[in-house]
Amino acid sequence: MLIEKEQDVVPFRNRVKEHAVKIGMSLLNQTKLITAASELVRNMLKYAGGGVAIIEVISQGRDNGIRLIFQDQGPGIKDIPQAMKDGFSTGKSLGLGLPGTKRLVSEFDIKSKEGEGTTVTIIKWKNG
Amino acid sequence: MDRIPILRMGKFLLVTIQIDLYDRLATNLETDLVQMVSKTGARGVLIDISALSIVDSFMGRILGNIGSMSKIMDAETVVVGMQPAVAITLIELGLELKGVHTALNVEKGMELLTTKIGSYEDEELEEDEISPE
Amino acid sequence: MKIDIARLLQKKRSQILENWMTNQLADAGLREDLMSNDDLREQSDELLTNFLNIISDKNIGDSQSSDFEPVYEILSGISMSRARQGYSPRETGVYVFSLKDALLRTLQTELKDDPGAMIEAVLKINRLMDSMGIITFETFIKGREEVILRQTDEITEISTPVIRVWDGILALPIIGTLDSARTQVVMESLLQEIVESGSTIAILDISGVPAVDSLVAQHLIKTVAATRLMGAECIISGIRPEIAQTVVHLGIDLSNIVTKASLASALRYAYSLLRLEVKKVQNKHLL
């Protein structure tokens, strides 16, 4: 799904929710996943002016989950460990985005190259 | 242009957020609300978010902003009806909504506002009584 | 001359079944309390019949052949239900291995004039039965794991009761270690109950928590913060002296949280918040 303007955020959240409901995720985990998705989409809009978000249903053993991939061609992140620290922000936000998002999901992976863009992958297991 | 309606009820302003907000709508609400506070001289702001399934850091910041802005304009803000899942998620995210009061529902929120503002007015009254002497 | 082992075994079906049953019944560990002999015979018959119908000269040497899938399925079913019924692994093992014994004995009698063919047949049957044995154990363990998983779920559900102590006051005694998964459940049920009952005060009693380290304290602080976001006050009670000591030694800051030593004092505090008073009745008429 293409994310280009802020009006895309709400439909995207609804799509994530549809998938989460389909695999029977609990309300709390749904909320966490959607909030995390919302944070990342917002980052993408703010720092890279948009990008692509992919929603996938995955399974491992008896556990089902949802994987979200966010790709952008923005400026990239210079210092990932620093960006993952609570309270750090280059923009004028609370600096909770990335580390907070990580706390909300089961698995979190971030890859970035300066000047080329950033890819963030998150996984939330149904019972995670 | 979409706007969130702000209701005036005596000394209070009442906002019910019924739909998931996108950013522009939320920032508009912030501006509108602060202007309403100044125009009406409201003493309390009550925001009902029971219909919100998601509060992310942006929305949380808006709520916090409204709280602090109203505060310096001498109005208390109460956020009511937060969903349990939303509360847990906010805490996990690291947001505590400092500067705003919370209540379970609109009724309890109104009670809270009334007592908060009531107690201030009592103080003011007492001061008024004392000052002429 | 090449002997068709499959056909040979198919012909001897009833004899094998008899042998198998005798083997099973002879085992000291037979659980007649869990399954009657008739049921056992029926179950064994079904498995054996399916097995003999499927084996042929072609697939007998290949235990991975997809032809055997139906047999493995039946076997998994049996093994799974045995795990749930409380059979021991040994008893389940004996069930399969006594079939092997019965099969081998039949081969031995039938092929005693041709040792070369016998050895070959025995080897093949052996391999086949071994893989059946492995499957039995795999599914047996899986069955057990499912039982454990279900019990874990039950325990987490049982261990977080939310009690309505008074109109507007909830109490939640936490018993056992408080890890992050548990905190999540505690928070969820507490907040849900707050919404449902419209309570404004929640008391978390931690007298049943064996130890409070910084992680547990963090979980508690989170729960309190979440409760406040909902618009309710959260009191933590049941702080034992040891816990107070460790909390201070670890440098954990609980100053933002209302803490009380006992549930009773927490309740008293809750009453005062709600402007309630508990009085001893003076008037005899009320009795």
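Exactly one residue among C:LEU170, C:LEU178, C:LEU190 is under 21 Å from C:TYR269 (Cβ atoms), in the same structural domain as C:ILE221 (by TED's automatic domain parsing), surrounded by 13 or more Cβ atoms within 10 Å (Cβ to Cβ) and out of contact with any Lys or Arg (no Cβ under 8 Å at 6 or more places or on another chain), and that residue is C:LEU190. Taking the stated definitions as given, is C:LEU276 in a loop (DSSP other than H, G, I, E, B) and within 30 Å of B:GLY109 (Cβ to Cβ)? Criteria met by C:LEU276.
Checked against (1) assigned to a helix (DSSP H, G or I); (2) of a type in the set (Asp, Glu); (3) more than 27 Å from the chain's Cα centre (by Cα), C:ASP62 meets all criteria but (1).
Going by the structure shown, is C:SER207 among the hydroxyl-bearing types (Ser, Thr, Tyr) and in contact with a His (Cβ under 9 Å, 6 or more places away or on another chain)? Here the answer is no, as C:SER207 does not meet what is asked.
Of everything in the range B:71-91 that is among the small types (Gly, Ala, Ser) and within 7 Å of another protein chain (Cβ to nearest Cβ), the residue that is farthest from the chain's Cα centre (by Cα) is B:ALA85.
Checking each residue in the range B:40-69 for being touching a Phe, Trp or Tyr at 6+ places or on another chain (Cβ under 8 Å) and free of Cβ contacts under 8 Å to residues at least 40 places away in the same chain picks out B:ALA42, B:VAL45. Within the range A:48-59, being without any contact (Cβ under 8 Å) to a residue 60 or more places away in the chain and on the phi < 0 side of the Ramachandran plot holds for A:VAL52, A:ALA53, A:ILE54, A:ILE55, A:GLU56, A:VAL57, A:SER59. Do we find that C:ILE125 is more than 14 Å from chain B (Cβ to nearest Cβ), surrounded by fewer than 19 Cβ atoms within 10 Å (Cβ to Cβ) and either β-branched (Val, Ile, Thr) or touching a helix residue (DSSP H, G or I) at 6+ places or on another chain (Cβ under 6 Å) (or both) in this structure? No: the conditions fail for C:ILE125.
When C:VAL216 is tested against (1) more than 14 Å from chain B (Cβ to nearest Cβ); (2) open to solvent by 30 Å² or more (accessible area, probe 1.4 Å), only condition (2) is not met. Taken over the range C:202-242, residues that are part of a strand (DSSP E or B), within 18 Å of C:GLY176 (Cβ to Cβ) and free of Cβ contacts under 8 Å to residues at least 40 places away in the same chain amount to 5. Are any of the residues in the range C:42-57 small (Gly, Ala, Ser), modelled with pLDDT of 80 or more and either open to solvent by less than 10 Å² (accessible area, probe 1.4 Å) or not in a helix (DSSP H, G or I) (or both)? Yes - at least one qualifying residue is present in the range C:42-57.
Checking A:SER38, A:SER26, A:SER93 one by one, the residue that is within 10 Å of chain B (Cβ to nearest Cβ), out of contact with any strand residue (DSSP E or B) (no Cβ under 6 Å at 6 or more places or on another chain) and at pLDDT below 80 is A:SER93 and no other.
Could you list, in sequence order, the residues of the range A:2-29 that are within 13 Å of the chain's Cα centre (by Cα) and farther than 19 Å from B:GLN18 by Cα? Scanning the range A:2-29 gives A:ILE3, A:VAL16.
The set of residues from the range A:6-25 being in contact (Cβ under 8 Å) with a residue 24 or more places away in the chain and farther than 23 Å from A:ILE110 by Cα comprises A:LYS22, A:ILE23, A:GLY24, A:MET25.
Going by the conditions given, is C:THR106 free of Cβ contacts under 8 Å to residues at least 40 places away in the same chain, among the polar types (S, T, N, Q) and open to solvent by less than 40 Å² (accessible area, probe 1.4 Å)?
The answer is no for C:THR106.
Within the range B:101-123, residues that are within 14 Å of another protein chain (Cβ to nearest Cβ) and within 16 Å of B:LEU63 (Cβ to Cβ) have Cβ atoms under 7 Å from residues that are modelled with pLDDT of 85 or more and assigned to a helix (DSSP H, G or I) in these pairs: B:HIS101/B:LEU112; B:THR102/C:ARG228; B:THR102/C:LEU229; B:THR102/C:MET230; B:ALA103/B:GLY109; B:ALA103/B:LEU112, counting only partners at least 6 apart in sequence or on another chain. Total residues in the range C:228-253 satisfying the condition of being touching a strand residue (DSSP E or B) at 6+ places or on another chain (Cβ under 7 Å) and at negative phi: the figure is 11. I'm checking my understanding of the structure. Among residues of the range A:50-70 that are of a type outside the set (A, V, I, L, M, F, W, C) and either modelled with pLDDT of 80 or more or assigned to a strand (DSSP E or B) (or both), which one is most open to solvent (accessible area, probe 1.4 Å)? Checking each candidate, the answer is A:GLN60. When C:SER255, C:SER237, C:SER265 are screened for being among the small types (Gly, Ala, Ser) and surrounded by fewer than 11 Cβ atoms within 10 Å (Cβ to Cβ), only C:SER255 passes. Given the criteria touching a helix residue (DSSP H, G or I) at 6+ places or on another chain (Cβ under 6 Å), more than 10 Å from every other protein chain (Cβ to nearest Cβ) and small (Gly, Ala, Ser), does A:ALA20 qualify? It is true that A:ALA20 is touching a helix residue (DSSP H, G or I) at 6+ places or on another chain (Cβ under 6 Å), more than 10 Å from every other protein chain (Cβ to nearest Cβ) and small (Gly, Ala, Ser).
Taken together, the criteria place C:THR259 among residues that are over 25 Å from B:GLU107 (Cα atoms), among the hydroxyl-bearing types (Ser, Thr, Tyr) and part of a strand (DSSP E or B).
The values are calculated or read from the model by the stated rules, or taken from the named source; none is laboratory data. Computed from a predicted model, the values in this text were never measured in an experiment. Here the Cβ is made from the backbone with ideal geometry for all residues, glycine too, and neighbour counts use every protein chain on show. The accessibility values were calculated without ligands, DNA or RNA, using every heavy atom of the protein model including side chains. Shrake-Rupley method; radii C 1.70, N 1.55, O 1.52, S 1.80 Å.
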